[in-house]
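A quick write-up on the structure given underneath.
The values are calculated or read from the model by the stated rules, or taken from the named source; none is laboratory data. Small disclaimer: the values here were computed from a predicted structure and weren't measured. With ideal geometry, Cβ positions are generated from the backbone for all residues, glycine too; neighbour counts draw on all protein chains shown. Just so you know, the surface numbers come from the protein's heavy atoms only, side chains and all, with ligands and any DNA or RNA stripped out. Shrake-Rupley method; radii C 1.70, N 1.55, O 1.52, S 1.80 Å.
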Amino acid sequence: MKKAKPECIAYVGIDIAKGKADAALLLVYPDRSRKDQMRRKRIKVEFTKSSVEDFRRTILSYTDEQCTRIVYAMEDTGIYYRTFYTYLSSLAGEKEQILILKPSYVNSWCKLHQRSKSDPLDAQSIAQIIAYERDFKTVSPSFAHEKRDYSEVKSETHRYHQVKKMETQESTRLIGMADIHCPELAKVLGTGMTFLKALAVYPSTYDIIHADNLELLELVQKASKNHFGQKKVDELIAACKDSLSQTEPTESDRRIIRDLVEHLMALRASLVASKARLHELGQKLPGYQALLSMPGFGPVTATTVLAEVMDIGRFKSADALIAYAGLDPVNKRSGSSVHTEGQISRNGSSYLRHAVVIAAEFARRHNPVLARLFERLKAGQKKRHFLALVAVANKLLRYTYSILKNEKEYFVINFKDLLKLTEETRITFFQNITTEIPEQNLRAVYHYEDEFGDIHPFVYTVRYSSQTTMESV
């Protein structure tokens, strides 16, 4: 009598790269009398329909009726696995399952088992993880909750932050060039639009000293919209005549400065247009106006948070949202020699984390309740600055979770919270706000709930530095 084949489970590890994947097939037999087999150590797959179909047929050819399950697993590797996962899911049958693993868990497992790093070996490691480990971390696909509106906003916010990063880099390069050839220009005119337009025409102290006074005055007045006049021009010329940098720049230096100015102005124009587009898209999303009622949240931050969070219902609690932003604390203590605080996991969305930290920097300066939390945790120690800032960011995320979950606006400060503060802090707060909001107001409008429960809109009247206004972007 012919012996029946034993039951088995097929585990398929898939390592995704750009445009291709490597897979490994491991057959595991519940009957321990049969040894598990790594039937295929490397199966190459291209990102085409025909190649994925051939790959699935190859896997099925190694299984039969005695194979009870086929489990595919791959890492959540950003954009690369999306189309592969989607098409393989459309082909999968009833006994086929697809898992998504956290890359950090796979990397930790490979380090623990001292595995070499290569695409085929990673595929084998993934197959062994899902076959033998009991506590491996799975996640839902990063794009599973995306809807068309959120997907569009997400693309816009990512592009805004990419352009913003380029703008910062080019600005640093240009200021570096200006510090070599004309440091006085930034000292006298600042580094705004007047500085850029003047630098494009007069890239050195030599050019300013030998410039026609009337032409220089017209340029400065037009660029500053008549904010600067003859007095500022005279100050600039006097500073240049006293400068140590009076050599004439080379033609290459002139060209580089002009190119940097032109590129920087184009990037800034792109940021202005992108910000307006984000505000337009944000108004269509639920929770956008509510987020704008929070300190530090402007069109860019609010749309970034909504684009990264998408459906707030997929987070079981505010702690889950904090963990998704990578702001959950990772403290280490061992005996008396190892003691680290203030570190965060940095998992999840880096865009969400950056947006909330920027908002927290604004909030800890201007919201008295959050400022008190910041100062209490910082306790006057410089090394605890980031720890205290993370605490404020986590508090903002808890507010965000509540706002989006309950569809309510956030009141910047309540009367009962003010009573917990020192009298000096309360006086400072009321001195720096006004409830008389002009029709053509350009500042963010917040709300205050008094002791009688009445709501009063207000704006901050203090003048912010360039650093503190980063977010009301």
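Could you check how many residues of the range 239-277 are aliphatic (A, V, I, L, M), over 35 Å from the mean Cα position of the chain (by Cα) and surrounded by 12 or more Cβ atoms within 10 Å (Cβ to Cβ)?
1
Given the criteria open to solvent by 50 Å² or more (accessible area, probe 1.4 Å) and either at pLDDT 90 or above or in contact with a strand residue (DSSP E or B) (Cβ under 9 Å, 6 or more places away or on another chain) (or both), does SER140 qualify?
Yes; evaluated as a whole, the condition is true for this residue.
Here is a check on your reading of the model: is GLY19 open to solvent by less than 50 Å² (accessible area, probe 1.4 Å), at positive phi and not acidic (Asp, Glu)?
Spelling it out, GLY19 is indeed open to solvent by less than 50 Å² (accessible area, probe 1.4 Å), at positive phi and not acidic (Asp, Glu).
Looking only at helices (runs of 4 or more DSSP H) that fall completely inside the range 214-307, which ones have 3 or more residues that are within 17 Å of HIS161 (Cα to Cα)?
Per the criteria, 251-282.
For residues that are within 20 Å of GLN246 (Cβ to Cβ) and free of Cβ contacts under 8 Å to residues at least 40 places away in the same chain, scanning just the range 163-206, find the one that is surrounded by the most Cβ atoms within 10 Å (Cβ to Cβ).
If we take residues in the range 163-206 being within 20 Å of GLN246 (Cβ to Cβ) and free of Cβ contacts under 8 Å to residues at least 40 places away in the same chain, then ALA198 is surrounded by the most Cβ atoms within 10 Å (Cβ to Cβ).
Does LEU216 satisfy being at pLDDT 90 or above and among the hydrophobic types (A, V, I, L, M, F, W, C)?
Considered against the rule, which asks whether it is at pLDDT 90 or above and among the hydrophobic types (A, V, I, L, M, F, W, C), LEU216 comes out as yes.
Working only within the range 375-426, note down all residues that are in contact (Cβ under 8 Å) with a residue 40 or more places away in the chain and not in a helix (DSSP H, G or I).
The answer is GLU407, LYS408, GLU409, TYR410, PHE411, VAL412, ILE413, LYS420, LEU421.
Please find, within the range 379-425, the residue that is farthest from THR435 (Cα to Cα) out of those that are in contact with a helix residue (DSSP H, G or I) (Cβ under 8 Å, 6 or more places away or on another chain) and of a type in the set (Lys, Arg).
That would be ARG384.
Which one of THR68, THR63, THR86 is hydroxyl-bearing (Ser, Thr, Tyr), more than 13 Å from ASP15 (Cα to Cα) and assigned to a helix (DSSP H, G or I)?
Being hydroxyl-bearing (Ser, Thr, Tyr), more than 13 Å from ASP15 (Cα to Cα) and assigned to a helix (DSSP H, G or I) holds for just one of THR68, THR63, THR86, which is THR86.
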